[in-house]
Amino acid sequence: MRSAIGSAALLVVLAATAADAQEAPRRFTLEGRGGFNVPTFDISDAVDGGPSVGVGLGYQISPKLWALGDVDLGFHSGADAGGLQGPDVKVYHYIAKLGYAVVPEGASKWSVIVNAGAGAMTFDVDGGSANTYPAINVGAKIAYRLGSRVSLLLSPQGDIAFTDEAEVGTSNSWVWPFTAGFRVGL
């Protein structure tokens, strides 16, 4: 009899916990993205734009404030410089940022978060060395909610690495990841 009462009580507690979890706001998000990285200014003399993939993690601090972390990998072909093809370069972006929800989740099917942050970018030259430099970021996360947990996502970002001119050919490398994908509430 005691085990039946204990089992029933456990089921009630589990059901109540599950109901609360369904009603609770989703504080964490996970993103998967793909797109195109566009180099601009002096770095575009060394590499062409190329495909990219990325992942992101978000934590909702308050209804309008987010802590965000993004990692993106861009694959760039070497640019044609006077008939000579430069080496291919992989550019890794590691950025931590704060986001402000201009259109918060739940206000409509749309949400818009503008963000700014800092981190690092690694330039891995095919057949050469890999160098990592400090970087800053600005961008946005534009989402359209498909269901209670899943949203379509556009993530235009601007990343600027403060590079060594002797190693990369410029003292600042502007690379813009323009990606789309999905955001999942955890």
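Some observations on this one:
- Residue in the stretch 142-150 that is open to solvent by 20 Å² or more (accessible area, probe 1.4 Å) and under 17 Å from residue 40 (Cβ atoms) present: no
- Extreme residue, farthest from the chain's Cα centre (by Cα), among residues of the stretch 72-93 that are without any contact (Cβ under 8 Å) to a residue 24 or more places away in the chain and assigned to a strand (DSSP E or B): 84
- Residue match in the stretch 44-52 (condition: part of a strand (DSSP E or B) and out of contact with any His (no Cβ under 6 Å at 6 or more places or on another chain)): yes
- Unique match (being open to solvent by 30 Å² or more (accessible area, probe 1.4 Å) and either modelled with pLDDT of 95 or more or under 24 Å from residue 76 (Cβ atoms) (or both)) among 158, 181, 128: 128
The values are calculated or read from the model by the stated rules, or taken from the named source; none is laboratory data. Worth saying up front: this structure is predicted, and the values here are computed from it rather than measured. In this analysis, Cβ positions are derived from the backbone assuming ideal geometry, glycine residues included, and neighbour counts consider all displayed protein chains. For accessibility, only protein heavy atoms count, side chains too; no ligands or nucleic acids. Shrake-Rupley method; radii C 1.70, N 1.55, O 1.52, S 1.80 Å.
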